[in-house]
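Student: This is the structure I want to talk about, given as C-alpha cells.
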Amino acid sequence: MEKNTSRKNLKRPRTSFTQKLCFSIGHLFCDLQAVAWSSYILLYFTKVVGLSSRFVGIVWVCEKILDSLGSFLFSHISSNWSIPCVSRYCGKSKAWHLIGTIFLAFFTALLWTSPRLYDENLPQWLIAVYFLCIFGFHDLAWETSSLTHMSMVTEIVKRPSEVVELHALR
C-alpha cells in the first residue's frame, strides 16, 4: 500500500524551488521583525518617548493579554471566514496574510511614532493609552500575518510529502 501512495506522489508536480525559497525568506523576515520590535520597544518607550517603567509595564502586560486573546480569536476567524473580494483570486490564507501585512506595515509605523512629537505636554497616562491601542492593533495585525503565513503551507505545496520539507526550510 505504501508503494502506491509514493508512486502517486511521483506523478504529481513538485512545488517550485522559488516558492519554497520565498516562503522560507518570508518566515525569516517575520521572525526578524518580531525580535526587532520586541527587543527595542521597551528601550524606545523608556528612553525616547520618556514613559515611566510603571506605564511601560502596564502597556506590556496588557499587550500580552491582548496577544493571547487575539491569537485564539483570530485563528478561529481566519479558519472560518474568507474575504470575498480577495479570497477568490488568491485563496483564503493568502488573502488574510495580505490584509495582515498591510495593517502590520501601517501600525508598525504608528508604533514607532511618538505622540510627543506633536505635543510635549501630554500626560504619561494618555501616551500609555495611545501606545496600548496602537500596540493592540499592531498585535492583531501581527497575528493575522503570522498565523496565516503558517496556514499557507497547505495552499503552497503540491505534494503532501512536501509539507515537512517546507516546515524544515523555515
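Student: How many nm is it between the label spots at Arg88 and Ile102, if each spot is 7 Å from the Cα in line with the beta carbon?
Tutor: 1.7 nm
Student: Moving on. At R0 = 30 Å, how high is the FRET efficiency between Phe72 and Ala168 if r is their beta carbon distance? Nearest 0.05 is fine.
Tutor: 0.65
Student: Based on Cβ point charges of +1 for Lys and Arg and -1 for Asp and Glu, what charge dipole magnitude is obtained for segment 4-145 about its Cα centre, in debye rounded to the nearest 20?
Tutor: Computed charge dipole of segment 4-145: roughly 1160 debye.
Student: Counting only protein heavy atoms, what percent of the accessible surface of the chain is carbon or sulfur at a 1.4 Å probe?
Tutor: 69 percent
Student: Using label points projected 7 Å from each Cα along Cα→Cβ, tell me how many nm separate Leu28 and Asn121, to one decimal.
Tutor: Rounded to a tenth, the inter-label distance reads 5.1 nm.
Student: Give me the accessible area per residue for the chain, probe 1.4 Å, as a whole number in Å².
Tutor: Result: 62 Å² of accessible area for each residue.
Student: Can you work out the PRE-style zone for Gln19? Point 7 Å along Cα to Cβ, and I want the residues of segment 129-170 with backbone N under 13 Å.
Tutor: Only 152-163, 166 fall inside the zone, counting backbone N under 13 Å.
Student: Okay, next question. Tally Lys and Arg at +1 and Asp and Glu at -1 over the other residues with C-beta under 13 Å from the C-beta of Phe131: what net charge comes out?
Tutor: Residues near Phe131 contribute -1 overall.
Student: What distance in nm separates the simple spin-label points at Ser161 and Val61, each placed 7 Å from Cα in the Cβ direction?
Tutor: The modelled label-to-label distance comes out at 5.3 nm.
Student: Another question, if that's okay. To the nearest 10 degrees, how steeply does helix 17-43 sit against the main Cα axis of the chain, on a 0 to 90 scale?
Tutor: 20 degrees
Student: Next question. Taking the 0 to 90 degree range and rounding to the nearest ten, how far is the long axis of helix 2-11 tilted relative to the main principal axis of the chain, both from C-alpha atoms?
Tutor: With rounding to tens, the tilt is 80 degrees.
Student: On to the next question. Using only DSSP helix segments of four residues or longer, with each worth -39500 (n - 2.57), what per-residue ellipticity at 222 nm results for the chain after dividing by its residue count and rounding to 500?
Tutor: Mean residue ellipticity at 222 nm (helix-derived): -26000 deg cm²/dmol.
Student: Over 23 Å between Cα atoms: which of Lys64/Lys94; Lys94/Lys158; Lys20/Lys158 fall into that group?
Tutor: Lys64/Lys94
The values are calculated or read from the model by the stated rules, or taken from the named source; none is laboratory data. This structure is a prediction, so every number in the text was calculated from the model and none was measured. Neighbour counts are summed over all protein chains in view; Cβ atoms, including those assigned to glycine, are modelled from backbone coordinates with ideal geometry. Just so you know, the surface numbers come from the protein's heavy atoms only, side chains and all, with ligands and any DNA or RNA stripped out. Shrake-Rupley method; radii C 1.70, N 1.55, O 1.52, S 1.80 Å.
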